[in-house]
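Accompanying notes for the structure given below.
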Amino acid sequence: MLRNLTISGPRDRTADRKRPRFAAFSAAGAAALAVALVLLSVFALDLNLNRLKDSFGWVEHTDQVLLQLATIEATVIDAESGERGYLLTGNAAYLDSYTRARDAIGGQMDVLTALLSDRSEQMQRVHSLRPLIDSRFAEFERVVALGPARMEQALAILKTARAEQLTPKIADGLAQLRRTELALLDERQRRAQRDAARANLLAVAAGVLALTSLALGLFLLQRQRSRHRIQQLQSELIHVSRLNTMGQTASMLAHEMKQPLTATANYLQGARRLVEARESPPPANIAEVLGKASAQVDRAAQIVGRLRRLVDKGEAERTAEDVGATIDEAVALVEFGRADIALRRQVDPRLPRAVIDKVQIQQVLVNLMRNASEAMQHSARRELMVSAEPVQGMVEVAVADTGPGLPKEVADRLFQPFVSTKPDGMGVGLSICRAIIEAHGGRIWADANPAGGTVFRFTVPGAA
Ligand code: ADP
């Protein structure tokens, strides 16, 4: 039996308006923010990577410059030792290292110029170094040309060269270039480290914010879901409440109708007895008509009584019934609006009896057949087929029509109460059918009829 339930009133809209502003910030918004922050974090890391690459590039460049400076220094020393060796020993082999150094120095200075071309202060140093190296190599040239044969003159040139301090000046120039290059590398690396630290901080902050927005998004999603669930529960409660009201109304109606129905039945009995007791013969079919009328009143009283018991206590009277006969009686009860519906009935001969409350199952059949005949009202083909067959210990009954099929808007809510496409329909017929069938331990469902239209099927337990 359905119990009274308290349903809360319509939602308080002012409360909605008072909700904090951030509630409007949806889960999707939070997720989008999280994605944007992750992208920002990736961008910062990428920037960092590029800085690191730059930093490696600078180290490599400085290495090349230092190597070139060392090569030039070695070349000057080679030329000098070749010159001295030749002068002191007269051995021509010493001339080779001098010649190699003389041929190489020009190219080596060009490479150095190319390496330092983007640094104007270094370029100035290179420009002031070049004339020193040129003068030094011119001296070598002259000394070597004089050779050991004219030792006196050669030594005089060497003396002048020492006085001019050309070699130490070249060494000093190269050392200055080296120092500046190392200082520059140091400054660049420190700047790169500062930038990297900033970019790392940005990446970490963006990452943390992304995680926070993600968590916020999940929280909001969860909240949206629970709100949706609450709305669903509210609408289910409203349905249950309406069903409850309907149950109470049905119970009251059943109670109120019992007396007039009993009285009508008594009057019909009395009328029949009076007609039978009359001297003159009554009209030929009056007794039969009165008999039929009282049978219908009895049936109405039975339905009302069972409905009342069902609503009050959820009880039903089940006995093993012949399904064919149950279908036949139900067919006889349906008032088909149009006479031209072709009705066929097909009952499997192997069908066992069904354990059912016959009156209730007939209510289901009448409902399904009435719906089918209404659905076929405007169809060219109007065929109604009621069939029954055994399926795994159950009896499966099918009511098939050739109507237009189920309207899309109600197809997945057919068995819910108050779902109807008819202007004057209450939309409770199928929900009552489902309640009756499920109370019998069976199932009810609808399929498209392969021949066009709809087939409603239900199962009820077969007798052992
Ligand atoms: P009602 O008949 O009062 O509308 P029902 O619960 O019996 O309530 O039916 C609900 C809805 O299901 C109907 O309004 C109709 O749209 C649809 N329906 C039921 N039976 C059929 C059928 N045989 N063919 C097409 N639609 C049907």
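Every residue, every condition in (1) within 16 Å of the ligand (Cβ to nearest atom); (2) at pLDDT 90 or above; (3) farther than 30 Å from Lys292 by Cα, yes or no:
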position: Ala339; (1), (2), (3): no, no, no
position: Val347; (1), (2), (3): no, yes, no
position: Arg353; (1), (2), (3): no, yes, no
position: Leu365; (1), (2), (3): yes, yes, no
position: Ser387; (1), (2), (3): yes, yes, no
position: Val419; (1), (2), (3): yes, no, yes
Taking first residues from region 213-231 that are small (Gly, Ala, Ser) and second residues anywhere that are surrounded by 14 or more Cβ atoms within 10 Å (Cβ to Cβ), the pairs with Cβ under 6 Å that are 6 or more apart or on different chains are Ser213/Ala30; Ser213/Leu33; Ser213/Ala34; Gly217/Ala27; Gly217/Ala30; Gly217/Ala31
Residue pairs within 6 Å by beta carbon, gap of at least six or interchain, first lying in region 411-424 and of a type in the set (A, V, I, L, M, F, W, C), second near the ligand (Cβ under 8 Å from one of its atoms) and in a loop (DSSP other than H, G, I, E, B), listed first then second, are Phe418/Gly427; Val419/Gly427
Residues in region 445-464 that are outside any loop (DSSP other than H, G, I, E, B) and under 26 Å from Arg382 (Cβ atoms) total 9
Those residues of region 421-431 which are surrounded by 13 or more Cβ atoms within 10 Å (Cβ to Cβ) and either more than 9 Å from the ligand (Cβ to nearest atom) or at pLDDT 95 or above (or both) amount to none
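A quick yes/no check of all residues on (1) within 8 Å of the ligand (Cβ to nearest atom); (2) free of Cβ contacts under 8 Å to residues at least 24 places away in the same chain; (3) surrounded by 19 or more Cβ atoms within 10 Å (Cβ to Cβ); (4) not aliphatic (A, V, I, L, M):
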| site | (1), (2), (3), (4) |
| --- | --- |
| Met369 | no, no, yes, no |
| Glu374 | yes, no, no, yes |
| Cys433 | yes, no, yes, yes |
| Arg443 | no, yes, no, yes |
| Thr454 | yes, no, yes, yes |
| Val460 | no, no, yes, no |
If we keep only residues of region 397-409 that are exposed (fewer than 15 other Cβ atoms within 10 Å of the Cβ) and near the ligand (Cβ under 9 Å from one of its atoms), then the residue farthest from the chain's Cα centre (by Cα) is Pro404
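The values are calculated or read from the model by the stated rules, or taken from the named source; none is laboratory data. Just so it is clear, the model here is predicted, and its values are computed rather than measured. Glycine also receives a Cβ, built like all others from the backbone with ideal geometry; neighbour counts cover every protein chain displayed.
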